[in-house]
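All remarks here apply to the structure that follows.
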Amino acid sequence: MSQAKPYRGRSVVVAFVLVLGFGAVLSRLIDLQILQAAKLGEKAEQQHHKAAVVEGRRGGIYDRQGRILAMNMEVPSVYGVPTSVEHPGRVARDLTRVLPVRADEIERKLRQKRNFVWIARKLDPERGRRVESLSLRGIGTVIEGRRFYPKRPLLSHVLGFTGLDGHGLEGIERRYESTLRGHSRRVILQRDALGRTVFPKGLSELGPHSGNDISLTIDEVIQYVAEKELLDAVNTSGAKGGVVIVMEPTSGEVLAMAVNPRFDPNAVRSLSADSWRNRAVTDAYEPGSTLKIVIAAAALEEKLMTPSSMVFAENGRMLVANTVIHDHEKSGWLTFADVIRRSSNIGAVKIATRLGEERVHRYLRAFGFGERTEIDLPGETAGLVKSPEAWGERTLASIAIGQGIGVTAVQLATAVSAVANGGWLMKPYLVSAIRDQQGRLIAQVSPQVRRRPITAETARVLSKILESVVREGTGRRAAVPSYRVAGKTGTAQKYDLEANAYSSTRFVASFVGYVPARDPRLTIVVVIDEPQGEAWGGVVAAPVFRRVAEQVLPYLGISTHAPVELALVTTG
Amino acid sequence: MRTGIALAVMSLVLLFVWERVDVVRVGYHIERLKSEKAALERERDELRVKLSGLTAPDRIARVAMGQLGMVRPRQGQVILVKVPAQTPDPTGPASMVLGLAKFASTKRSH
């Protein structure tokens with residue numbers, strides 16, 4: 001018994017210690033789990049969960065053959081944490097060997113009393129890899145989206161470009177901003193003690209919505225041909241610039257839209273807004289004699305004229321409301337077809353006078369002048385067609401020769417396509433399909449008829465006259481060997497605002513036509529702004545039409561009408 | 001009986017712990033794969049942009065004419081021959097057979 005007492009005493013002590021210990025643990029547990037539960041839970045949430053905004057990828061832009069014209073790429077941006085950089089001077093010297101930033105500028109940033117500074121943004125991936133390989137303390141890289149236009153200036157006026165924030169600012173990029181833009185999404189990530197992401201919280205928050213891809217009606221090769229030939233013509237003639245549009249006349253699909261001067265959408269920050277304006281849709285010009293196509297169509301449709309109707313051309317000089325109208329070639333009696341073939345101003349004025357103001361105005365509007373074509377590009381102008389009430393004494397005569405009216409190149413292409421396709425005015429368009437990132441078709445654009453300004457018979461008769469313009473008239477230099485071409489030249493004086501009169505030295509030379517004339521597959525409009533020297537449309541613009549057509553026709557597999565004698569044919 | 005219940009409870013606890021550990025392990029694995037996927041996608045995009053730039057028509061024309069000494073075919077050297085069996089695609093390029101015709105009178109250009 002005497003030995004049991006100390007044992008019991010020890011047991012009591014042990015039990016007491018255990019109870020005390022467990023009691024302490026329990027009280028701490030109650031404190032942490034119940035009393036401080038809300039506060040600590042919030043703290044843990046902050047430490048383990050990281051909210052991140054993930055940007056959805058912007059959709060790409062492709063040509064009609066699926067070739068990339070614009071796409072987003074994830075590229076590195078380099079940042080610094082100045083508080084973690086021990087030797088800013090040395091780090092700056094190391095970085096300047098890799099980055100396109102001066103050492104003193106990097107050092108200045110790294111000496112700032114801030115937790116974060118950008119050193120260089122949206123770099124080439126190679127530069128990012130080289131920065132990472134330096135393993136500099138306080139320097140890191142993050143991935144950001146950057147828009148790339150791999151074909152550089154090709155189609156730049158149509159594509160447009162995006163800003164630093166990735167939003168479309170011009171062209172298709174702007175017009176289809178809501179289609180192309182990816183939707184950003186806030187994602188909650190779980191992190192472990194080392195800061196690594198363990199698992200996204202909730203499967204629905206896995207990723208952002210990417211933007212949709214856009215397929216254009218443009219063909220990259222045709223676009224290249226159009227831009228190259230336009231550039232050559234502008235350089236050769238010393239012109240200010242120009243426009244070439246290649247359109248499929250039966251559908252209104254734009255195959256090429258070249259605007260000169262060009263720009264590189266990858267580097268727009270140094271350029272002015274003037275250089276990226278798409279003049280094919282934003283600028284109206286006086287079309288000159290190309291507008292005689294509409295006057296002729298109206299006269300034929302109204303049955304006022306037939307190709308053999310006679311018109312007296314006043315031997316090259318006629319007075320209209322105290323203004324003398326000249327023909328560049330003096331003529332007496334001409335047939336209606338000759339008036340168009342020789343581009344007689346006096347003949348056109350007489351035909352327009354017979355039509356009268358109301359009918360001329362009605363046909364101009366029916367062919368789409370004075371209203372937007374609704375092509376899917378931003379900034380389109382309606383041009384300028386005044387209503388007859390606002391016309392002066394000379395307006396009808398001016399319009400008959402394509403002056404005193406403002407049209408865009410795309411309006412002209414659409415109007416002439418109506419003659420080419422048998423009388424249907426089509427809506428021109430650039431986007432043919434929209435697909436999601438999995439390639440599923442979301443929307444497909446079909447050709448759309450706006451109205452029918454002339455009958456098929458009028459179109460057929462006019463087409464024959466326009467063929468003769470190229471065969472034996474003012475448009476001979478547009479002739480493509482072995483193909484029938486129909487078209488019309490135009491040379492318009494530009495209005496000099498300072499002199500308040502038409503300039504005698506500044507012209508717009510143009511040619512508009514289609515080929516093959518009997519089964520038109522291409523409508524081509526060529527506009528050359530202020531060519532120097534011989535500025536006639538038939539001299540400056542018609543050869544561009546020929547050079548574009550003779551390259552594009554074989555590319556599209558459009559056969560000639562002429563029989564050929566073959567000695568040997570190889571295929572494949 | 002009690003031992004059985006204890007074992008069952010213990011098994012359930014262990015199963016729960018194993019499941020939690022496995023979720024974390026799979027989470028790490030998924031994150032690693034996602035990083036790999038993102039890196040591969042970046043590389044793919046980089047290559048696509050590079051390919052697109054290299055196949056640009058102006059570059060091909062420059063290389064063909066400047067470095068390889070190629071010339072544009074002269075008038076009459078390229079002739080398209082209609083093949084009735086083929087349905088021409090109104091939009092696609094060269095949907096007809098492209099024939100290279102040699103005329104007896106046409107000398108080859110170099």
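The values are calculated or read from the model by the stated rules, or taken from the named source; none is laboratory data. Because the structure is a prediction, the values reported are computed rather than measured. So basically every Cβ, Gly included, is an ideal-geometry build from the backbone, and we count neighbours across all protein chains shown.
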query: Of all residues in region A:399-424, which are surrounded by fewer than 24 Cβ atoms within 10 Å (Cβ to Cβ) and over 14 Å from A:Phe369 (Cβ atoms)?
result: A:Asn421, A:Gly422, A:Gly423, A:Trp424
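Do we have A:Ala267 as in the same structural domain as A:Gly473 (by TED's automatic domain parsing) and farther than 22 Å from A:Arg506 by Cβ here? Can you show your working first?
Numbers: in the same structural domain as A:Gly473 (by TED's automatic domain parsing): yes; farther than 22 Å from A:Arg506 by Cβ: yes.
In short, yes.
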query: In this structure, is A:Met318 part of a strand (DSSP E or B) and touching a helix residue (DSSP H, G or I) at 6+ places or on another chain (Cβ under 7 Å)?
result: yes
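If you take the residues of region A:243-285 that are aromatic (Phe, Trp, Tyr) and not in a loop (DSSP other than H, G, I, E, B), which of them is nearest to A:Asp496 (Cα to Cα)? Steps first, please.
From region A:243-285, those aromatic (Phe, Trp, Tyr) are A:263, A:276, A:285; that's our starting set.
With not in a loop (DSSP other than H, G, I, E, B) added as a condition, the list becomes A:276, A:285.
Numbers: A:Trp276: 24, A:Tyr285: 13 Å.
That would be A:Tyr285.
Quick test for you: out of A:Gly490, A:Gly513, pick the one residue that is within 16 Å of A:Gln403 (Cβ to Cβ), in a strand (DSSP E or B) and touching a strand residue (DSSP E or B) at 6+ places or on another chain (Cβ under 7 Å). Reasoning before the result, please.
On the way: A:Gly513 fails: within 16 Å of A:Gln403 (Cβ to Cβ).
A:Gly490 is the lone residue from the list that is within 16 Å of A:Gln403 (Cβ to Cβ), in a strand (DSSP E or B) and touching a strand residue (DSSP E or B) at 6+ places or on another chain (Cβ under 7 Å).
Would you mind finding the one in A:Arg196, A:Arg146 that is closer than 30 Å to A:Pro88 by Cβ, modelled with pLDDT of 85 or more and assigned by TED's automatic domain parsing to the domain that holds A:Val81? Spell out how you get there, then give the answer.
Numbers: A:Arg196 fails: modelled with pLDDT of 85 or more.
Unique residue meeting the criteria: A:Arg146.
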- request: Return yes when A:Gly238 is modelled with pLDDT under 95 and out of contact with any Phe, Trp or Tyr (no Cβ under 7 Å at 6 or more places or on another chain) and no when it is not.
  value: no
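In the list A:Arg484, A:Arg477, A:Arg435, A:Arg440, which residue meets the criterion of being buried (at least 19 other Cβ atoms within 10 Å of the Cβ) and more than 30 Å from A:Gly404 (Cβ to Cβ)? Don't jump to the end; show me each part of the working.
On the way: A:Arg477 fails: more than 30 Å from A:Gly404 (Cβ to Cβ); A:Arg435 fails: buried (at least 19 other Cβ atoms within 10 Å of the Cβ); A:Arg440 fails: buried (at least 19 other Cβ atoms within 10 Å of the Cβ).
So the residue among A:Arg484, A:Arg477, A:Arg435, A:Arg440 that is buried (at least 19 other Cβ atoms within 10 Å of the Cβ) and more than 30 Å from A:Gly404 (Cβ to Cβ) is A:Arg484.
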- request: Looking at (1) among the aliphatic types (A, V, I, L, M); (2) crowded, with 24+ Cβ neighbours inside 10 Å; (3) under 26 Å from A:Glu329 (Cβ atoms), find the lone condition where A:Leu522 falls short.
  value: (3)
query: Do we find that A:Val53 is within 28 Å of A:Gln438 (Cα to Cα), more than 14 Å from every other protein chain (Cβ to nearest Cβ), modelled with pLDDT under 90 and over 20 Å from the mean Cα position of the chain (by Cα) in this structure?
result: yes
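Restricting attention to region A:383-407, which residues are under 30 Å from A:Gly171 (Cα atoms) and touching a residue at least 24 places away in the same chain (Cβ under 8 Å)? Can you show your working first?
Initial filter on region A:383-407 (under 30 Å from A:Gly171 (Cα atoms)): A:383-386, A:402-407.
Result: A:Gly383, A:Leu384, A:Val385, A:Gly402, A:Gln403, A:Gly404, A:Ile405, A:Gly406, A:Val407.
Can you work out which of the residues in region A:326-384 that are among the basic types (Lys, Arg) and more than 16 Å from A:Ala284 (Cβ to Cβ) is nearest to the chain's Cα centre (by Cα)? It would help to see each step written out before you state the result.
If we filter region A:326-384 for residues that are among the basic types (Lys, Arg), which is where we start, we get A:330, A:341-342, A:350, A:354, A:359, A:362, A:365, A:372.
If we keep only those that are more than 16 Å from A:Ala284 (Cβ to Cβ) too, we end up with A:330, A:341-342, A:350, A:354, A:359, A:362.
Numbers: A:Lys330: 44, A:Arg341: 35, A:Arg342: 37, A:Lys350: 41, A:Arg354: 42, A:Arg359: 36, A:Arg362: 32 Å.
Of everything passing the filter in region A:326-384, A:Arg362 is nearest to the chain's Cα centre (by Cα).
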message: Please verify whether A:Leu154 is assigned to a loop (DSSP other than H, G, I, E, B), among the hydrophobic types (A, V, I, L, M, F, W, C) and more than 11 Å from A:Pro265 (Cβ to Cβ), treating the condition exactly as stated.
response: no
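Among the residues of region B:39-56, which ones are more than 7 Å from chain A (Cβ to nearest Cβ) and surrounded by 14 or more Cβ atoms within 10 Å (Cβ to Cβ)? Walk me through how you get there before you give the answer.
To start, the set of residues in region B:39-56 that are more than 7 Å from chain A (Cβ to nearest Cβ) comprises B:39-41, B:43-44, B:47, B:50-51, B:54-55.
Within region B:39-56, B:Thr55 is the sole residue that qualifies.
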statement: Scanning region A:531-561 residue by residue, the ones that are in a loop (DSSP other than H, G, I, E, B) and more than 10 Å from chain B (Cβ to nearest Cβ) total 8
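Given region A:26-136, what strands (runs of 3 or more DSSP E) lie entirely inside it while holding 2 or more residues that are of a type outside the set (Lys, Arg) and exposed (fewer than 11 other Cβ atoms within 10 Å of the Cβ)? Even if it seems obvious, please write down each step before you answer.
Working: elements: A:49-54, A:68-80, A:117-120.
Strands (runs of 3 or more DSSP E) meeting the threshold: A:49-54.
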